[in-house]
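Enquirer: Here's a structure for you.
No lab work stands behind these numbers, since they all come straight from the coordinates. Here the structure is a predicted model, which means the values were calculated and not measured. Methodologically, a virtual Cβ is constructed for each residue, glycine included, from the backbone with ideal geometry; neighbour enumeration extends over all protein chains shown.
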Amino acid sequence: MTNLEKYNAAFCETLNVEEAQLAGLKYQAVPSWDSVGHMSLVAAIEDAFDIMMEMDDIIDLSSYEKGKEILEKYEVEL
Amino acid sequence: MIEIDKRMVYESHGYKFKNFVCLTEEEKKLVLEWRNSPEIRKWMFNSDVITYQSHSDFIKSLEKRTDRYYWLVYTPENYPIGVFDIVNVDPIRNIAETGDYAKPQKFGDGFYFLRECLFFYFNILKIENNYTEADVDNDNIHSLNSFFGIKYNGKKTTNQEGDIKEYLTCDSFTKDIFNERYKLTFRDYLQYLKSYRND
């Protein structure tokens, strides 16, 4: 699986959304991406890339696109 | 279990629990708005939209009841975040059924809200045992419940005018089990989620 596929899978599986919904997807834009769903998403991303995100980054992960920017800090190329 | 004072605003680590019978009109409307939102009512036993009149009548009926209590919960930053309730209160067996719903505004709100509601239940209301149910499809709440020590040991099916729902139930959650887990943070929960997902 490519890194982008792993990233997309984390979103799709934890938030129960289709890949077509990912572009532009933001926190709280779908019911499943609430405060609790966000933690599941973060856990899935950390698991997928074997990283541990800093608190500021966890809070900043407010959209699909923002998540990609954040992962660059952890040397994950998508 | 303490004798619950419906007029008292209970406090727990900065969270405030305001009984429904003391709510302002604005607060009652807010609670109804939350309760009627699609993402909350789909998980409720009664998933119909509730009218303001029914809601008002229900709140009024709580004045005299001693078997169920509802609170609007405020965060330490003083914004309303959710509703916590206890029903089927049995002071002899020292057990009640808990329920909650939340409208978190920021990351972490939902986790800390549930954690504090359970602390309030066990350590301020001093109820030793807890019964809880959760819709079988509500995956987010299952992982959170499991983290706090709730282990489902039963199942229940309801049929409300053809609307069939299945619930997972737990009647063995105690204060001792929860208090061990109260000190854990959401970073601990993130770690827990990774193993929970892989099970």
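Enquirer: Give me the dipole magnitude in Debye, nearest 20, for the range B:112-199 about the Cα centre, with unit charges on the beta carbon: positive for Lys and Arg, negative for Asp and Glu.
Expert: The dipole magnitude comes to about 440 debye.
Enquirer: Suppose every K and R has +1 on its Cβ and every D and E has -1 on its Cβ; what is the size of the dipole of chain B about the Cα centre, in Debye to the nearest 20?
Expert: Dipole magnitude for chain B comes out near 320 debye.
Enquirer: So if I take the centroid of the Cα atoms in the range B:10-56 and the same for the range A:1-58, what is the distance between those two points in Å?
Expert: Computed from Cα coordinates, the inter-centre distance equals 30 Å.
Enquirer: Summing +1 for each Lys or Arg and -1 for each Asp or Glu, what net charge is found among the other residues whose Cβ lies under 15 Å from the Cβ of B:P38?
Expert: -3
Enquirer: Here's a follow-up. Would chain B count as rounded, prolate or oblate if I go by the C-alpha gyration tensor, calling it rounded below 1.5 in a/c and otherwise prolate when a/b exceeds b/c, oblate otherwise? Please report the intermediate quantities before stating the final value.
Expert: Details: a/c = 1.33, a/b = 1.19, b/c = 1.12.
Here chain B falls in the rounded category.
Enquirer: I've got another one for you. Which pairs in the list B:K29/B:K103; B:K64/B:K155; B:K42/B:K151; B:K16/B:K165 are over 25 Å apart, alpha-carbon to alpha-carbon?
Expert: Violating the 25 Å Cα-Cα cut-off are B:K64/B:K155; B:K16/B:K165.
Enquirer: Quick one: grab the alpha carbon gyration tensor of the range B:16-117, order the square roots of its eigenvalues as a ≥ b ≥ c, and give me rounded if a/c is under 1.5, else prolate or oblate depending on whether a/b is larger than b/c.
Expert: The shape class here is rounded.
Enquirer: Could you line up B:L30, B:L72 from fewest to most neighbouring Cβ atoms inside 10 Å?
Expert: B:L30, B:L72
Enquirer: Rounded to the nearest 500 deg cm²/dmol, what is the calculated helix-only ellipticity per residue at 222 nm for chain B, with -39500 (n - 2.57) per DSSP H run of length n ≥ 4?
Expert: -9500 deg cm²/dmol
Enquirer: Once you put a point 7 Å from the Cα of B:K29 and another 7 Å from the Cα of A:L25, both along the Cβ direction, what distance in nm separates them?
Expert: If labels sit at B:K29 and A:L25, their model points lie 3.5 nm apart.
Enquirer: Hey, another quick one. For B:V49, A:V42, B:V136, what's the fewest-to-most ordering of other Cβ within 10 Å of each Cβ?
Expert: Details: B:V49 12, A:V42 24, B:V136 15.
With the sparsest Cβ surroundings first, the list reads B:V49, B:V136, A:V42.
Enquirer: If you don't mind, there's one more thing I want to ask. Note down the magnitude of the dipole of the protein assembly as shown about its Cα centre, charges +1 on Lys and Arg C-beta and -1 on Asp and Glu C-beta and zero elsewhere, to the nearest 20 debye. Mind showing how you got there, number by number?
Expert: On the way: 33 positive and 49 negative charges, 218 e Å.
It comes to approximately 1040 debye.
Enquirer: Which FRET efficiency value, to the nearest 0.05, do you get for A:D60 and B:R181 by plugging their Cβ-Cβ distance into 1/(1 + (r/R0)^6) with R0 = 25 Å?
Expert: On the way: r = 28 Å, r/R0 = 1.11.
For A:D60 and B:R181, the calculated efficiency is 0.35.
Enquirer: Label B:N159 and B:V21 with points 7 Å out from Cα along Cα→Cβ: what is the distance between them in nm?
Expert: In this crude label model, B:N159 to B:V21 measures out at 3.7 nm.
Enquirer: At 7 Å along Cα-to-Cβ for each site, give me the label-to-label distance between B:K60 and A:D50 in nm.
Expert: 6.5
Enquirer: Hey, another quick one. Farthest toward the dipole's positive end in the protein assembly as shown, which of A:A44, B:F20, B:L144, given Cβ charges of +1 (Lys, Arg) and -1 (Asp, Glu) about the Cα centre?
Expert: B:F20
Enquirer: Within the range B:93-182, report the trypsin sites (Lys or Arg not before Pro) that DSSP leaves as loop and that have at most 13 other Cβ atoms within 10 Å.
Expert: Loop-located and lightly packed - B:R93, B:K126, B:K151.
Enquirer: Going 7 Å from the Cα of B:R68 along its beta-carbon direction, which residues of the range B:10-52 have the amide nitrogen within less than 11 Å of the resulting point?
Expert: Taking a point 7 Å out along Cα→Cβ of B:R68, the residues of the range B:10-52 whose backbone N falls under 11 Å are B:45-46.
Enquirer: Could you put B:E97, B:E63 in order, starting from the residue whose Cβ has the fewest other Cβ atoms within 10 Å?
Expert: In order of increasing Cβ crowding within 10 Å: B:E63, B:E97.
Enquirer: Let me ask something else. What number comes out for the charge environment of A:S63, summing +1 per Lys or Arg and -1 per Asp or Glu over other residues with Cβ under 12 Å away?
Expert: Within the 12 Å Cβ shell, the charges total 0.
Enquirer: Under 17 Å from a label point 7 Å along Cα→Cβ of B:I2: give me every residue in the range B:135-161 with its amide N that close.
Expert: Counting only backbone N, you get no residues.
Enquirer: Using a Cα-Cα cut-off of under 22 Å, which lysines could be cross-linked to A:K6, ignoring same-chain neighbours fewer than 8 residues away?
Expert: A:K26, A:K66, A:K68, A:K73, B:K194
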